[in-house]
1. Take segment 442-461 and flag every residue that is part of a loop (DSSP other than H, G, I, E, B) and either open to solvent by 70 Å² or more (accessible area, probe 1.4 Å) or under 27 Å from Gly513 (Cα atoms) (or both).
2. Got a number for residues in segment 324-363 being within 18 Å of Pro406 (Cβ to Cβ), outside any loop (DSSP other than H, G, I, E, B) and touching a residue at least 60 places away in the same chain (Cβ under 8 Å)?
3. When you look at Ala575, is it in contact with a Gly (Cβ under 9 Å, 6 or more places away or on another chain) and buried (at least 16 other Cβ atoms within 10 Å of the Cβ), yes or no?
4. Within segment 369-384, take every residue that is of a type in the set (Gly, Ala, Ser) and open to solvent by 20 Å² or more (accessible area, probe 1.4 Å) and give me the one that is modelled with the lowest pLDDT.
5. Which residue, of Ala869, Ala900, Ala888, is buried (at least 20 other Cβ atoms within 10 Å of the Cβ), at pLDDT 70 or above and farther than 18 Å from Glu936 by Cα?
6. Condition test on Met312, is it open to solvent by 10 Å² or more (accessible area, probe 1.4 Å), on the phi < 0 side of the Ramachandran plot and either in contact with a Ser or Thr (Cβ under 6 Å, 6 or more places away or on another chain) or at pLDDT below 95 (or both)?
7. Among the listed residues Asp415, Asp391, Asp423, identify the single one that is of a type in the set (Asp, Glu) and in contact with a Cys (Cβ under 9 Å, 6 or more places away or on another chain).
8. Among the listed residues Asn208, Asn213, Asn170, which satisfies the condition of being assigned to a helix (DSSP H, G or I), open to solvent by less than 20 Å² (accessible area, probe 1.4 Å) and at pLDDT 75 or above?
Amino acid sequence: MDPITAVGFAAGILNFIEFSSTLVRGTLEVYHSTSGTTTDNTHSGKLLADLQEVTQELEVRFDVESGDQTAKALATLATKCMELSNELAAILQKLEARGRNKRWKNFQVAFFGVVKQNSIASIEKRLAEYRSQIILRLSLMTSSQNSALGHHFDDLAKTSLVLKRELGHNARLLKQLQASVQQMQSDGEISSILIKSQISELQKATLNTQQENLLLKGLYFDSLFLREESVSDPEAGTFRWLLDYGVQLSGHSSDTSYASTSPSSQEKINILDEAALSARLSAISAFRGFLEAGNGFFFICGKAGSGKSTLMKHLAYDRTLKQELDQWSGGRRLVVAKFFFWNSADAMQKSLKGLYQSLLFEVFRQCPDLIRVLSEVIPSAWSTGWKPKLDEMKTVFETLVSRSLPNVALCLIVDGLDEYEGDALEHFELAKLLKQWSSQPKVKIICSARPHTQFLDTFDLPHRVFHLHELTRNDIRSYVKVQFASRLPNTKNGDLMGAFGTIAEEIVGMSDGVFLWARLVVRSLLIGMAHDDSPKALMKRLNDTPRDINTLFRRILDSVDPSVRHRSDQMLSLALDNPFKHDLSAIVYSWIEDLDDPDFPFNRPCKGIGEAEVEKRLSIVRRQLDALTRGLLEIKEQRSGISRWDGEARYWRYPVGFLHKSVRDFLRDHWKINTLYGAVPTFNHLRLYIAQAQYGIGAHLCGSLILFDLIRPQYGQIMSFLAHIPSHDDQRRILDHLARIHEGYRSLSLSYPKGENLLFWRETVECHTSLTHVVEPSVDVNFWHWITQTQFSWYTLELLRRHDMDSTNSRFIDRKRLGVSAICRPGNLDLLRYLFSTGVSPATLCTIIVYEDRKSNAFGSEGAVHAEAPLWLVFLRYYLLEWRSRPANMDRLLTCFLEAGADTNLIALAYIEKAPGRDKSFPVSILDGTLSFFIELKELLDIVGFCDDPARRDLLRGAYKVAWTAWMRPAVKLLNPYKSHGHAGSG
């Protein structure tokens, strides 16, 4: 029993006690939940109705036996109150019989006329005792952060995707309730009506938060922050000038201590030439004007490698920008949403779907109040959850930006428009779309791209554009200064100290505003300094460096020793041709040489490596990347605020990525493509990915991660890749190995934090996305159940047949649980037929969890009801929920059930939300604001189109029976909880 429900139930008990006390004392004045009659005109019939009303709140609607101590104590007290209610009802019925609805001028006299004095004393004593018990129980449940309610809100805050500041309303409501309970405990002056009202408001707020979190989970995707995380943070002192309006006048960062630098070179470094200062001041003026204006766009363009993405990331988190936008918002709620386009293997990083989904996630996360727009545009999203589709997201987002929202100001930061998938025409359409959004009141857009014609022609206001590569000379100067200053104190070359300023200025001039070029050149010069190169040698190295960035990349890779060139190509190819959504982890690169063994990793034990081995391998990979790719590949760090990466799990935490996206472009377009594609065949990526999962088995490698959240993305991507392997033999070999890896993780003690052999990372077999609120509890969910829900259910069928043919195999296979997994995927027809032929039937009872609302669909949820239902009924609910968009295979599965003797004599409770555009062709009746009706299964299947096929229609007619089956009675019980929440669909 969750704490919110418990507190609400306790409030109902308290409400009954308060009402009964006033009734017994004969001093009833006004009962706020009724019509407001007083003692002067109250008659016994009305009081009896009031008593029945408050008594309804005492009904126990939860499983007492499986509940905690609080639930059991409340249930016991509710039972005692029900007994007292029956006594009071009997008294009022006597009054009713005597008075014949007479209005009692002196109710107390009349009441005492039918009740003995000692009975009244006994009732009053019990009520006082019950009141003390319930107030104490309420105090224990609400009094501190260590209370169940306090823990509940802490857990809600930890798991919520809504920004923590948006949860402050819930905390305030909880404090108000705590204060009221404490006052009632001390002096009793607080009315139970007030406490009940506060609890009701708290319940509503909690439900909203849980529902908001569910919608945000629907919008969240694994690579949401991937590109943003891969962008380097600004180097020390760079890009401050755009918002720190004093920096541009000095021409350097605030740190000017260079003990090893001569005065003349120091003076030279800190000079910002007049032309550069003028250009920078002009850009600052334009940007400030944009921030102060009512709406519109600002376009930051620049050459490849000029630092556009770094600047955009800096702006997204800069406090000064936030302060400026707060002033512009004029007291409205400021929402800053960002998206970084990236032309990678992940479609979400380079598509309009990714743009809309990311922006909606950011907007709703920062301002959950705006979710009401979603519920208005797509009414079913709030009640049944939202699986976002592109056209729906377009409608919702454009509704958001087109409305004149009185309390919200929106700023969008969109980086890398040139990385959007598509040709120049599609880039032009994207630019027009952003410009259109920015024309709406209280909407600002800051965007960036390379200086392509389609963007410059669209963002055509000169005072709303600047070219970044023309403004970064001093940022590059600051970067060079910091890098050289860190090396100079360790050098014994006095001539180098004197030449420092000259070399730095040459770098600034030659870079032409391209930060990446300067960074690569500085790296080359630092290597020379480490070898004690003279100033003349360093200057020659600098002057020999190609000015064109692609030519520089070629020069860097040509410098790799030919004897190790193949290994260099392998590393570059591993990153370039990576078919998975995420960059490969650094640990994966340590197994490149193992790829020479065609049986790797399948011939290796499924056992994790030790921590010392992990550190050793990461160290080797770091040095090899530096030597073999000359820094064009580098180890990064996963730092997403929402991802589940654990701070101690170093094994998983360090992906390898390109120094800059232009490196990837160069390798793809200019650098010996045939050699690279042949260096690491794509199948080897899969082998390395499997090895990462295989050698990661170990609690010390997983930290405190929820294991399934760690393994699920890897297994999911492996399955997607596996589908493209044509040979079933190769697929079978990989699946056999994945099963062994799966069992390895299940053997970890970390998998069973709750004890009793209950897997934390796979407690339930979650049904396919469309059946998220009907799952099956299990203490022994193995790889078979999981694979059955994928396109490889043929593998499960093979294992079953192999098992059944082997008379010596004593392993128990829970086929009914496999049946629940089988119905989750429409393509599992052969597997379902085999299960029906080997003991499973449509009437096989399965223990399932039915979530009373989708907010409860989470691990360890308190809002779940355990029930037994036939496999046939579970499938029907799935089928009917998906009837509008079901694939053809769903009809084949239903046909399979009918052929296996499924009982068709069913009566279903169906309901349809009253929403614009909803199909109203059903025979309906109005009930509680919802279109509801009962319908026979054969009629329902005819309506949804199942009977359009004559063979299926004849099969259904032949299977139809007259007798009402006993096991169907739970059907209405299972379906009723959904009705009260207004879910669209039918059951």
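The values are calculated or read from the model by the stated rules, or taken from the named source; none is laboratory data. A quick note: this is a predicted structure, and the numbers were derived from the prediction, not measured. Cβ: placed from backbone, ideal geometry, glycine included. Neighbour counts: every protein chain shown. We work out accessible area using only protein heavy atoms, side chains counted, and drop any ligands, DNA or RNA first. Shrake-Rupley method; radii C 1.70, N 1.55, O 1.52, S 1.80 Å.
1. Arg450, Pro451, His452, Phe459, Asp460, Leu461
2. Of the residues in that region, 6 qualify.
3. Yes.
4. Ser380
5. Details: Ala900 fails: buried (at least 20 other Cβ atoms within 10 Å of the Cβ); Ala888 fails: buried (at least 20 other Cβ atoms within 10 Å of the Cβ).
The match here is Ala869.
6. It is false that Met312 is open to solvent by 10 Å² or more (accessible area, probe 1.4 Å), on the phi < 0 side of the Ramachandran plot and either in contact with a Ser or Thr (Cβ under 6 Å, 6 or more places away or on another chain) or at pLDDT below 95 (or both).
7. Asp415 is the lone residue from the list that is of a type in the set (Asp, Glu) and in contact with a Cys (Cβ under 9 Å, 6 or more places away or on another chain).
8. Criteria check complete, one pass: Asn213.
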